[in-house]
Amino acid sequence: MEIEKDVVYKQLESEDKSTRRAALLDLKKRAEKRQLDEHLLSDLFDPLIKIVSSDKVENLRESASIILLALTTHGSISTAQFQAIVNFSVDRFEAEPSEEVRLTLARVNHAAILNQNVQPVYLENLDKLTQLVKLAVRDRYGEVVKEACEIITALSERNEYFRLQADFFVEPLMQHVKSQPMKVRVMCVKALEPVMIYSPLTIPNIAPQLEIFWSESSPIVKLAMVLTIGKVSLKIEPDDQNFHLLFPLILLGRCNEFNEVSDEAERIWKVLTDEPGFHRRFAKSFSKLVPKLLADTENWNNDLRIQSAQLIYQFVREIPDRKLELSTVMEILIFQSGDDQAPVHNWACKAARLIGETCALEALSWLSDQKQEDPEATNASGLTIYSHIVHGFLNAVQSHYPARTLELCVQLAVRFSSLKEISLLECLETLVEKDVGIPVDLMNQLLFVTLSLEGSDQSDFLSRKLSLLQPMASRLGLSNIDTMIQQRLPSLLTSESDPAQWTITSPPWKILQFVARDMKMIDNFVFDLLCQTIAATQCPEIKLKSFNMLTGSMSHIQCTDPAQLQAMLLANVKWKPGRSASVLRSSAALCAYAAVQHRKLEIIPSNVDAIANSFADLVEDEAVNTRLAAIRIIQRCLLAGRPANLDSLLTTLMGRLNDISKDVRQGAMTGLRDVFIHWRGQGASCAMETKFVDLVRVLALDDDLPSKTFADGILQSMLVDLSKMDITGEKGSEAVE
């Protein structure tokens, strides 16, 4: 046996490459068959180490390393040999070009560690071992990295001084958690477990980073993260200063869509919650994490914002007292509800509902205390959170609704009433239809909000709004919607600001629009209020819309004061410079014609001069609709009586026979025809003498074929016994011709 050892030793030391190869090949075959004597290690250790560290032939280095691995795996290792393996591995690792040799060297060291139980040896070689592991973890070959992770685990189990070197492994392991292939990442995550357990001070450098990598990780890596963090949370002291940093990953695991991840997270969570004093520690951890959650809410990274929303929901769900850090949580939820990422918005809404279930009073009080000018608390985001808190409150409480909470629900509904959001309508529907016992004064406020809600993009908004009014009428003890509005509208509108101060966003103006335009309920009060608004407001848009509502509803206006209507209309048809004035003048003229047409304004001898004089100038207005409305009103004046400026009015009308607008020309011709026929029927021949001739001459000179045709019709309809008309002179002859 000794002779064989000497022979093999000399062959390995031989300068001849073939001799070394033959010896290594034989040893390798015997190693594969496990026929190597474990005592060979002490005799062949030096030449094997020499070949691995310095031989120029790669396959010889590889064979020598494989033999060395077999000997260290199955044989005992002395302290000196252990130290020599570690030292030469550190020296050789970076210089070795072969990936397979580096991998085998890592396995040799792993086997040496598993065979070494003498603790002073680890302490002696602590620096070299740490350096070796760092080199292996940083290796570009994934299999080497995986083996390095196994070495870290082995060191944590064998080396009592592992805590002294654990910190040094964090940085190289974290580098690979994101960059390496999935299997390598999983091994790196698992290797972090003993690092955090034996050195909890490393948790701040690990757990938050894993949280950042979470969204980009595959389900397998996420499962490894949950398992690792879960084991750490169960093994370190619960009162450790960094324990709170472990919760986010466990809670994120509970939200994961993959069952394997969420089930494991739930299992770990159940074990944690069964521990004494857990809820106290959890609440304390939440307070520590709130600043981080607030910062992540505003992060530019979409994934981090989604994770922050998930964590807020999980904390609100599990925290024993949801009033804890409520002001900050409300601030976060309002910010999240306005996020452009749908998952962020949805998680925030779910959290708001949970808050509404247990502490709606405190949450609504916080919203109520926010300044009216605060854009975050009064915009659509604030409304979204408010509505979900209310829904959560109403779903959780089945009877004996707290009066103060209901009062806050109504007050905030009033605050948010200026927003065009269907969520407020849905909230009002729940409050009213559930019959939660809202007092009459608060129900009146809800009626005010409902009436002032403006339509949104939803096509069924108006129908839902009208449907909501019926149960409101029932809660107020009234038979129908019309009765409710007639009784409540005066008090709702007169209690608000003066109409002169209204803008298009003022709630009273919105209510007036809804009643007059959508419900078409214009009684004495509404009519008077519209007239007051037109007379008092300085807002052109309100005036224009008021005129349009009156025009559109003129056929079914219940009752009006003709004198008030006339004064309001005539005051607004006066000519003023400017585009806005022109539009208002046109809308007032159209409203006046609608009033005359539907007999809401009668033209009688007592007012014919005032009306005719007011509209005479509008016949030449720049707006076609204004000219056309003025022509029709003057026609009605001429049919109703004999204005003092009759001759001027007829001349003005005839001047429109050559108007640039065909509609105006035809309107003038029709009006003159009807007037002449009317007067002829009354035997007013003297008034027609000159104007008849002028009309015929103007029409005859018109080159427009429709006008000529129309003129022929007029002449035919106006055929009279000329002997009864005192038509003499040159004009008479011209007319006859």
Send over a whole-number figure in Å² for the accessible area per residue of the chain, probe 1.4 Å. 45
Taking H placed 1.01 Å from N in the peptide plane, check which residues at least 5 places from K323 or on another chain put their amide H under 5 Å from its amide H. none
Computed over the range 124-171, the Cα gyration tensor eigenvalues, each multiplied by 5 and square-rooted, give semi-axes in Å (largest first) of 18, 11, 9
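Which chymotrypsin sites (Phe, Trp or Tyr not before Pro) in the range 535-641 sit in a loop by DSSP (not H, G, I, E or B) and have at most 16 other Cβ atoms within 10 Å of their own Cβ?
W575
Pop out the carbon and sulfur fraction of the accessible area of the range 205-350 as a percent, whole number, probe 1.4 Å.
Its accessible area is 50 percent carbon and sulfur atoms.
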Between S606 and K420, with labels modelled 7 Å along Cα→Cβ, what's the label distance in nm to one decimal, could you check? 4.6
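Test of the criteria: in the range 185-214, which chymotrypsin sites (Phe, Trp or Tyr not before Pro) are in a DSSP loop and have at most 12 other Cβ atoms within 10 angstrom of their Cβ?
In loop regions of the range 185-214 (DSSP not H, G, I, E or B), there are no sparsely surrounded chymotrypsin sites (Phe, Trp or Tyr not before Pro).
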Which length gain, in nm to one decimal place, applies between L114 and R517 when the Cα-Cα distance is subtracted from 0.36 nm times their residue separation? 136.3 nm
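To one decimal place, what Kirkwood hydrodynamic radius in Å is obtained for the range 225-280 from all pairs of distinct Cα atoms?
Final number for the Kirkwood radius of the range 225-280 is 11.3 Å.
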So if we plug the beta-carbon distance of R267 and Q175 into 1/(1 + (r/R0)^6) with R0 = 30 Å, what FRET efficiency do we get, rounded to 0.05? 0.50
Rounded to the nearest Å, the spacing of the alpha-carbon centers of the range 493-569 and the range 408-423 is 24
To the nearest 10 square angstrom, what accessible area does S606 show with a 1.4 Å probe? 100
Modelled label reach - E257, point 7 Å along Cα→Cβ, the range 322-360 residues with backbone N closer than 12 Å: 343
CD proxy at 222 nm, helix term only [per DSSP H run n ≥ 4: -39500 (n - 2.57); per residue of the chain; nearest 500]: -23000 deg cm²/dmol
Work out the length of the dipole vector of the chain about its Cα centre, built from +1 on the beta-carbon of each Lys and Arg and -1 on the beta-carbon of each Asp and Glu, and round it to the nearest 20 debye. 780
How much length would be gained if the chain were fully extended between S76 and D617, taking 0.36 nm per residue of separation minus their Cα-Cα distance, in nm to one decimal? 182.8 nm
Beyond 24 Å, the calculated P(r) of the range 167-275 holds a percent of Cα-Cα pairs equal to 15
For the range 426-540, evaluate the Debye formula with one uniform point scatterer on each Cα (no solvent term) and list log10 I(q)/I(0) at q = 0.15, 0.19, 0.20 Å⁻¹, rounded to two decimals. -0.66, -1.04, -1.13
Cα gyration tensor of the chain - equivalent ellipsoid semi-axes, whole Å, descending: 98, 34, 16
For K292 and A95, what does the FRET efficiency come to when R0 = 35 Å and r is the distance between their Cβ atoms, rounded to the nearest 0.05? 0.20
To the nearest 0.05, how large is the calculated FRET efficiency for R140 and T328 if R₀ is 41 Å and r is the Cβ-Cβ distance? 0.35
Working from Cα positions, state the angle (0 to 90°, nearest 10) between the long axis of helix 481-494 and the longest principal axis of the chain. 90
note: the range 342-479, Cα-Cα separations exceeding 18 Å make up a percent value of 53
So which chymotrypsin sites (Phe, Trp or Tyr not before Pro) in the range 296-366 pass both tests, a DSSP loop state and at most 14 other Cβ atoms within 10 Å of the Cβ? W300
Using label points projected 7 Å from each Cα along Cα→Cβ, tell me how many nm separate D16 and Q411, to one decimal. 10.3
For the residue pair A563 and D441, what label-to-label distance in nm results when each label sits 7 Å from Cα along the Cα-to-beta-carbon direction? 4.1
Cα centroid distance between the range 346-367 and the range 206-257, in Å? 27
Mean shadow area of the range 289-332, taken as a quarter of the surface of its Cα convex hull (nm²): 2.7
Rounded, prolate or oblate: which one fits the range 41-195, using the alpha carbon gyration tensor with axes a ≥ b ≥ c (rounded when a/c is under 1.5, else prolate when a/b beats b/c, else oblate)? oblate
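The values are calculated or read from the model by the stated rules, or taken from the named source; none is laboratory data. For clarity, every value in this text was computed on a predicted model and none was experimentally measured. All Cβ positions, glycine included, derive from the backbone under ideal geometry; neighbour counts span all protein chains shown. All accessible areas refer to the heavy atoms of the entire protein, side chains included, with ligands and DNA or RNA removed. Shrake-Rupley method; radii C 1.70, N 1.55, O 1.52, S 1.80 Å.
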